[in-house]
Amino acid sequence: MESLKYPIGRFEALPDYTPEMLHGFINDIRYLPQLVEIAVQHLDEFQLQTPYRPDGWTVVQVVHHLADSHLNGYTRMKLALTEDQPVIKPYEEQLWAELPDVKFTPINVSITLLHALHQRWVSLMEHLTESEWERTFIHPANGTRHNLKTHAANYSWHGKHHLEHILRLKERMDW
């Protein structure tokens with residue numbers, strides 16, 4: 001079950017990240033919308049409503065979750081850049097995945113949102129200074145500080161993590 005839930009492993013933050021690593025994270029975020037779009041483009045409604053694992057989200061929920069999560073990620077980055085160590089607002093992602101906009105909105109809407117959002121996010125990250133990458137926000141659940149380098153690493157991982165859910169489901173089901 002662990003490999004179905006975490007197909008690329010769990011996110012593990014490093015103590016620091018090189019400029020080359022940050023460039024890689026930015027590119028992962030840049031290309032995620034296209035990769036998601038390609039991954040789902042030939043799936044029918046039955047396939048889109050298939051969970052990627054037992055008790056997991058459907059492909060539809062995964063795609064909408066990516067948009068929801070990455071909107072939050074982008075906002076958290078902008079908060080950290082414009083406020084002094086802001087305390088971010090967590091959200092109940094499992095409950096968000098059950099809301100009517102997920103149930104009744106076609107996934108192409110969230111894919112379009114991902115394209116636009118990631119274009120803005122990449123533009124922002126490509127122009128950050130070294131000191132801006134060190135800015136932090138605080139997560140209220142445990143009081144930990146996260147700098148923007150680690151935040152970019154996390155969202156690079158997050159996109160690949162959920163993309164792999166879709167790709168491995170397609171492989172297992174021979175779609």
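Brief remarks follow.
- Projecting label points 7 angstrom from Cα along Cα→Cβ for ASN142 and TYR6 puts them 1.2 nm apart.
- For the range 62-156, the solvent-accessible area of protein heavy atoms averages 52 Å² per residue (probe radius 1.4 Å; ligands and nucleic acids excluded).
- The charge dipole of the range 1-100, taken about its Cα centre with unit charges on the Cβ of Lys, Arg, Asp and Glu (plus for the first two, minus for the last two), comes to roughly 80 debye.
- Charge dipole of the chain (Cα centre as origin; +1 on each Lys and Arg Cβ, -1 on each Asp and Glu Cβ, all else neutral): 60 debye, rounded to the nearest 20.
- Of all accessible heavy-atom area on the chain, the percent that carbon and sulfur account for (1.4 Å): 55 percent
- Rounded Å value of the spacing that divides the Cα centres of the range 12-70 and the range 132-175: 9 Å
- Anisotropy class of the chain from Cα gyration tensor, a/c 1.5 cut: prolate
- Only DSSP H runs of four or more residues enter the estimate; each adds -39500 (n - 2.57), and after division by the residues of the chain the mean residue ellipticity at 222 nm equals -20500 deg cm²/dmol.
- Of ARG145, ARG135, ARG76, the one that fluctuates the most in a GNM where the chain has Cα springs shorter than 10 Å: ARG145
- Selected from VAL63, VAL109, VAL122 as most flexible by GNM, with the chain as the system and alpha-carbon contacts under 10 Å: VAL109
- Between HIS151, HIS139, HIS64, the residue with the greatest mean-square fluctuation in the GNM of the chain (Cα pairs under 10 Å linked by springs) is HIS139.
The values are calculated or read from the model by the stated rules, or taken from the named source; none is laboratory data. Note that this is a predicted model, so its numbers are computed, not measured. Positions of Cβ are backbone-derived with ideal geometry, glycine not excepted, and every protein chain shown enters the neighbour counts. Areas reflect the complete protein model, heavy atoms only, side chains present, ligands, DNA and RNA absent. Shrake-Rupley method; radii C 1.70, N 1.55, O 1.52, S 1.80 Å.
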